[in-house]
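Q: Okay, here's the structure, questions in a sec.
All of the numbers you see were taken from the coordinates with simple rules; none came from a lab. What you see is a predicted model; the values in this text were computed from it and never measured. Here the Cβ positions follow ideal geometry from the backbone for every residue, glycine too, while neighbour counts run over all protein chains shown.
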Amino acid sequence: MNGYSIAVVPGDNIGPEVIAAGCRVLERLQDLGLCRFAFEHFPWGAGHYLRTGRAAPEDLVARLRPFDAIYFGAHGDPARVPDRVGSRELMHPLRQGLDLYVNLRPARLLPGVPSPLRDPGDIDFVVVRENTEGEYAGAGGRVHRGGPDEIAVQTTVVTRRGAERAMRFAFELARRRGGKRHVHCVTKSNALAHVMELWDETFALVAADYPDIRTGKSHVDAMSMYLIERPAAFDVIVASNLMGDILSDEAAAITGSVGLAGSANLNPARSGPSMFEPIHGSAPDIAGRGLANPLGAIRAAALMLDWLGERGAARLVDGAIDATLAAGHPRTRDLGGDAGTGAMTAAVLDRLDAPHATAPHR
């Protein structure tokens, strides 16, 4: 039985609640003899900022680098701490410092979960978002603060190397997934002539190395409409940091709830740990009430298992989630029910314990 060291950064408000649920699922896999885990918890986030003046210590990257993976919860407390603090002192240092250059967000319409779209079809695609540069590179600043001539500049950074490695990951993923074998590029080169022209040119160069993979390209505004009009047409979507961020949240909405969505921040070179998290916010309005949907965090744990090479365990967790949702109950509030975090977690654990538990069909 393989063992893994997991850095757990639960976060704020509902973050610790849903990450605790995910850890219970991982511990159940350990009880079943599939793999074992050594967890170490780190109390970083908005709460840590209020206690210490920083969202995380300056050496956070060095402290987390020795782990096999990072399990990351929902972070932020916007009523008390500006969102930029967590981004500047926690999220962006981890993504850039650990070179987590792929943000992977699967979008699949799960059994028993209705889409808000009238006729969505069989939605099953993945958004590959470049994760270390683009619009979130952090280049820019403000001068003449507070005065009438104040200036703010935020520079989008696209490098050929950064775009190419994210795009190659997308093409390799399309090959592994089989099925449609299609990569769709999101751009805005009609308006962002410099950075997005480089993005488009790089996509064309990479695509030439994958003649077996079909390609498409859309401007981001059109793409936001296509995800509503024909989401089942897509397979792998590759986008810059901001564009991928927005479209992947839209993808979560059309598949039923952001509470169901997990994501992975990957270092494909495996020179350090990758990070796995639910995509929803910290929801201060329901924190401490046991109402949060834990399935996004549990699906993030399944992505972590898959990345660690425990694919059988990952499929078992995904199968338990599918079976729970297909049964129609319990349902958390975001899915139209009144069940709490504990009831949904218990239902998944029961499915894992079932003697004939199976993985979902892809």
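Q: If R₀ is 51 angstrom, what is the calculated FRET efficiency for the pair Glu40 and Arg118, using the beta carbon separation as r and rounding to 0.05?
A: 0.65
Q: Also, quick follow-up: Helix-derived [θ] at 222 nm for the chain: sum -39500 (n - 2.57) over DSSP H runs of at least 4, divide by residue count, nearest 500? Please report the intermediate quantities before stating the final value.
A: Values: 12 runs with 136 residues, N = 362.
Per the formula, -11500 deg cm²/dmol.
Q: Any idea what the relative contact order of the chain is, in percent, if you count C-alpha pairs under 8 Å spaced at least 6 apart?
A: Computed over the chain, the figure is 22 percent.
Q: Order these by the 10 Å Cβ neighbour count, fewest first: His280, His182.
A: Result, fewest neighbours first: His182, His280.
Q: Which whole-number percent gives the relative contact order of the range 115-255, counting Cα pairs below 8 Å spaced six or more residues apart?
A: Working: 230 pairs, mean separation 56.4, N = 141.
Averaging sequence separation for qualifying contacts and normalising by length gives 40 percent for the range 115-255.
Q: Compute the distance in nm between two label points, each set 7 Å from the Cα along the Cα-to-Cβ direction, one at Arg176 and one at Arg230.
A: About 2.8 nm, to one decimal.
Q: Taking K and R as +1 and D and E as -1, what net charge do the other residues with C-beta under 13 Å from the C-beta of Asn190 add up to?
A: In short, -1.
Q: Mind running the shape call on the range 115-255? Use the C-alpha gyration tensor, a ≥ b ≥ c as the square roots of the eigenvalues: rounded below 1.5 for a/c, prolate if a/b tops b/c, oblate otherwise.
A: oblate
Q: Got a sec to turn the phi values of the range 136-150 into Karplus ³J(HN,Hα) couplings, 6.51 cos²θ - 1.76 cosθ + 1.60 with θ = phi - 60°, whole Hz, x for Gly and Pro?
A: Once θ is set to phi - 60°, the couplings for the range 136-150 become 9, 5, x, 7, x, x, 10, 10, 6, 4, x, x, x, 9, 4 Hz.
Q: Follow-up question, since we're still on this one. What ranking, highest mean first, results for peptides 157-168, 120-131, 136-147 when packing means the other Cβ atoms within 10 Å averaged over each residue?
A: The peptides rank, most packed first, as 120-131, 157-168, 136-147.
Q: Multiply the residue gap between His329 and Ala191 by 0.36 nm, knock off their C-alpha separation, and tell me the result in nm, one decimal place.
A: Details: separation 138, 0.36 × 138 = 49.68 nm, distance 4.72 nm.
Residue separation times 0.36 nm, minus the Cα-Cα distance, leaves 45.0 nm.
Q: What is the pair-distance distribution P(r) of the chain, computed from all Cα-Cα distances in 10 Å bins starting at 0, with each bin given as a whole percent?
A: 5, 24, 34, 26, 9, 1, 0
Q: Expressed in nm to one decimal, what extension gain is obtained for the pair Ala139 and Ala269 from 0.36 nm per residue of sequence separation less their Cα-Cα distance?
A: 44.3 nm
Q: Restricting the count to DSSP beta bridges whose residues both fall in the chain, what percent are antiparallel, rounded to a multiple of 5?
A: Rounded to the nearest five, the antiparallel share is 45 percent.
Q: Also, quick follow-up: If r is the Cβ-Cβ distance from Ala346 to Asp212 and R0 is 51 Å, what FRET efficiency results, to the nearest 0.05?
A: Efficiency, from the Cβ-Cβ distance: 0.70.
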